[in-house]
Amino acid sequence: MRLSRRGLLRGGALVLGVQPAGVQKPLRLRVLDTAAHAAAPPPALAGSDLDDLVAFAEVLAVGRALDPGERDALAGTIEEHAARDPQYRELCRSTIGLLQRLGGRRFSNLEAAARAQLIERHRLHSPDAGPDDDTGPLAAAKRTVRMRARRALIADYYRSPAGWATVGYDVFPGRCGDLLRYTRPES
C-alpha cells in the first residue's frame, strides 16, 4: 500500500471528524443519510385544523361545548394520534376539508347551533346515510367521515382525560389517585 501526503492529510482530517472539501462519503453512507433525512417527522396539524376537529368531536361525543380543560385534553389526544398515525392524519385533513366545504367557512367559527344543524342535515353523526346522500360530488367524503372519522374522533374523546371523567373516573390512567384508597381495605 502506497501512502501519499494527500492520503495522509485526508486520513488525519477524517480522524478529527472534518470532512475535507471535495471528498464524498461512500455511496452507502450517502444513501443512509438521505433516507434518514427523508424520514423526518411529518408536520403536525395546524392549530386551526385542530380547533375544527375538536369542535366536530365535541358535538359528536357529548353534544355540548367542552370546558377549556376538556378541550385541551381532547386536542392533545387528537394531536398525539395524528402525530403517530399518517393515515389518521390524512383522515383528519379530509374531514376538515369536508366540514369547511359544507359550512362555507372553518367549522370552529360556526355557532354551536349551526354546527349541530350542519351535522344533522348531512347525517355526519350516524353511519347511516339518507337516500339523497348516496349521490353528489361529496358522497364519498361524507361516507368516509361517517364511517371512519366519526368513530375515531369519538374514540379519541373517550381516550382523553375528559372522556375518562365522563364515565366516572376521577383520575386518568397512569396518574396517581388517592393513596389511602389503595392502602386500606374497601368497606
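The values are calculated or read from the model by the stated rules, or taken from the named source; none is laboratory data. Note that this is a predicted model, so its numbers are computed, not measured. Glycine gets a Cβ as well: all are built from the backbone with ideal geometry, and neighbour counts include every protein chain shown. Please note that ligands, DNA and RNA were not included when accessible areas were found on the heavy atoms of the full protein model with its side chains. Shrake-Rupley method; radii C 1.70, N 1.55, O 1.52, S 1.80 Å.
Using θ = phi - 60° in the Karplus curve 6.51 cos²θ - 1.76 cosθ + 1.60, the 3J(HN,Hα) couplings for segment 157-163 round to 4, 6, 7, 7, x, 5, x Hz; x is entered for Gly and Pro.
Only sites in a loop by DSSP and with at most 13 other Cβ atoms within 10 Å count here; which GluC sites (Glu not before Pro) in segment 82-134 make the cut?
GLU111
Working note: Karplus 6.51/-1.76/1.60 with θ = phi - 60° gives segment 97-103 the couplings x, 5, 4, 5, 5, 6, x Hz, where Gly and Pro are set to x. Dipole check for segment 78-117: with +1 at the C-beta of Lys and Arg, -1 at the C-beta of Asp and Glu, and the Cα centre as origin, the magnitude is about 200 Debye.
Per the Debye formula with a single identical scatterer at each Cα and no solvent contribution, what log10 I(q)/I(0) holds for segment 61-134 at q = 0.24 Å⁻¹? Relative scattering, expressed as log10 I(q)/I(0), comes to -1.32. What the phi angles of segment 64-70 give under the Karplus curve with 6.51, -1.76 and 1.60, with θ = phi - 60°, is a coupling list of 8, 6, 7, 6, x, x, 5 Hz, glycine and proline written as x.
Rolling a 1.4 Å probe over the protein heavy atoms leaves HIS122 with an accessible area of roughly 30 Å².
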